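> Sharing a structure here in structure tokens format.
The values are calculated or read from the model by the stated rules, or taken from the named source; none is laboratory data. Computed from a predicted model, the values in this text were never measured in an experiment. Reconstructed Cβ throughout: ideal geometry from the backbone, glycine too, with neighbour counts over all protein chains shown.
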Amino acid sequence: MESKLSRPSSHGPHGPVVTLLTDFGSRDAYVGCMKGVLLSRAPSLRSIVDLTHDVPAQDTRAATFHLRHAWAWFPTGTVHVAVVDPGVGTERAILVARHEGHFFLAPDNGLLAPILEPTDAVHALDVTHYPAPSATFHGRDLFAPAAARLVEGATLEELGPGLRPGQWIGATEPGPRIEADRIAGRVEHVDRFGNLILDVPGAALGVDTGDWVVEIQGVRVDFAPTYGSAGVGALLALVDSYDRVEIAERGGDASSRLDVGRGTPVTLLRAGATRRQP
């Protein structure tokens with residue numbers, strides 16, 4: 001994500017921050033239990049921030065989307081805990097990683113793949129340090145205690161052995177296909193307003209987005225600089241706050257109007273380009 005806004009650079013004198021991202025929802029006490037463990041074991045913890053607990057159940061791709069667009073807005077030293085874990089209770093590893101001064105804890109299921117670089121330090125949590133974890137609640141019994149250790153100054157080496165690239169699950173989905181006059185992408189996320197956020201970075205369009213048009217499900221959508229610059233009820237495309245191309249309906253719900261969702265293919269064409277047949 002690129003932005004002209006400056007981001008925080010350090011956690012300051014008050015201790016690290018922990019962020020939590022899960023598919024637990026808010027009806028049950030699961031998130032509260034994780035927070036209780038963190039507060040009990042990390043006295044220097046500055047604060048706990050809920051990124052979201054409304055990730056669809058077991059949807060690791062949705063978890064990745066939210067985490068990759070949120071982590072950089074936190075102070076250096078923040079510990080990001082992501083528990084969307086269909087493999088809980090199995091032999092899957094738990095990754096503990098450091099990227100650009102931030103720490104990440106997540107299951108080894110591809111969730112961190114779009115965030116981590118091959119040069120980042122990635123370790124596998126040594127679960128033998130945590131006696132008798134529940135077979136169904138590793139968020140409370142493994143992730144939260146490990147995050148607390150990081151808050152209190154433990155090193156990655158103290159949490160578990162290092163891994164080499166190829167020893168943890170990498171990216172499993174291709175990104176957009178970017179050419180000079182056309183870009184083939186897909187809908188990556190539908191937000192609560194029904195806006196369609198694509199996997200296409202705004203930077204791929206160059207300076208003038210007006211040179212491009214978006215085609216989705218046979219519908220042509222022109223670019224506009226802001227939501228308000230389009231007429232009420234009009235479809236528009238713009239570059240959003242995540243530096244992603246977005247399709248929206250002014251005052252409405254683009255997802256419902258177009259009857260599309262995540263994974264729908266989208267084509268961006270530069271003015272004058274010829275539409276290719278699939």
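> Go through Val37, Val55 for me and flag whichever is free of Cβ contacts under 8 Å to residues at least 40 places away in the same chain, surrounded by 14 or more Cβ atoms within 10 Å (Cβ to Cβ) and not charged (D, E, K, R).
From the options Val37, Val55, the qualifying one is Val55.
> For segment 241-274, what are the residues that are touching a Pro at 6+ places or on another chain (Cβ under 8 Å) and part of a loop (DSSP other than H, G, I, E, B)?
Hit for segment 241-274 is Asp243, nothing else.
> Looking only at segment 179-200, decide whether some residue is at positive phi and either in a strand (DSSP E or B) or touching a strand residue (DSSP E or B) at 6+ places or on another chain (Cβ under 9 Å) (or both).
Yes.
> Then there's this: Can you name every residue in segment 206-240 that is surrounded by 11 or more Cβ atoms within 10 Å (Cβ to Cβ), part of a loop (DSSP other than H, G, I, E, B) and either among the hydroxyl-bearing types (Ser, Thr, Tyr) or touching a residue at least 24 places away in the same chain (Cβ under 8 Å) (or both)?
Asp240
> Which count do you get for residues in segment 41-88 that are outside any loop (DSSP other than H, G, I, E, B), over 18 Å from Tyr30 (Cβ atoms) and out of contact with any Leu (no Cβ under 8 Å at 6 or more places or on another chain)?
7
> Still on this model: Among the residues of segment 125-147, which ones are outside any loop (DSSP other than H, G, I, E, B) and crowded, with 19+ Cβ neighbours inside 10 Å?
The answer is His138, Gly139, Arg140, Asp141, Leu142, Phe143, Ala144, Pro145, Ala146, Ala147.
> Now, a different point. Mind telling me which of the residues Leu150, Leu163, Leu196 ends up being of a type in the set (A, V, I, L, M), crowded, with 20+ Cβ neighbours inside 10 Å and either in the same structural domain as Arg244 (by TED's automatic domain parsing) or under 23 Å from Arg61 (Cα atoms) (or both)? Outline the logic, then answer.
Values: Leu150 fails: either in the same structural domain as Arg244 (by TED's automatic domain parsing) or under 23 Å from Arg61 (Cα atoms) (or both); Leu163 fails: crowded, with 20+ Cβ neighbours inside 10 Å.
None of the other options fit; the residue is Leu196.
> Also, quick follow-up: Among the residues of segment 218-226, are any in contact with a helix residue (DSSP H, G or I) (Cβ under 6 Å, 6 or more places away or on another chain) and farther than 23 Å from Asp59 by Cα?
Yes, segment 218-226 contains a residue that is in contact with a helix residue (DSSP H, G or I) (Cβ under 6 Å, 6 or more places away or on another chain) and farther than 23 Å from Asp59 by Cα.
> Taking Leu95, is it in contact with an Asp or Glu (Cβ under 6 Å, 6 or more places away or on another chain), in contact (Cβ under 8 Å) with a residue 24 or more places away in the chain, part of a strand (DSSP E or B) and aliphatic (A, V, I, L, M)?
Yes.
> Quick one: would you say Leu258 is more than 23 Å from Pro56 (Cβ to Cβ) and touching a residue at least 12 places away in the same chain (Cβ under 8 Å)?
Answer is no for this residue.
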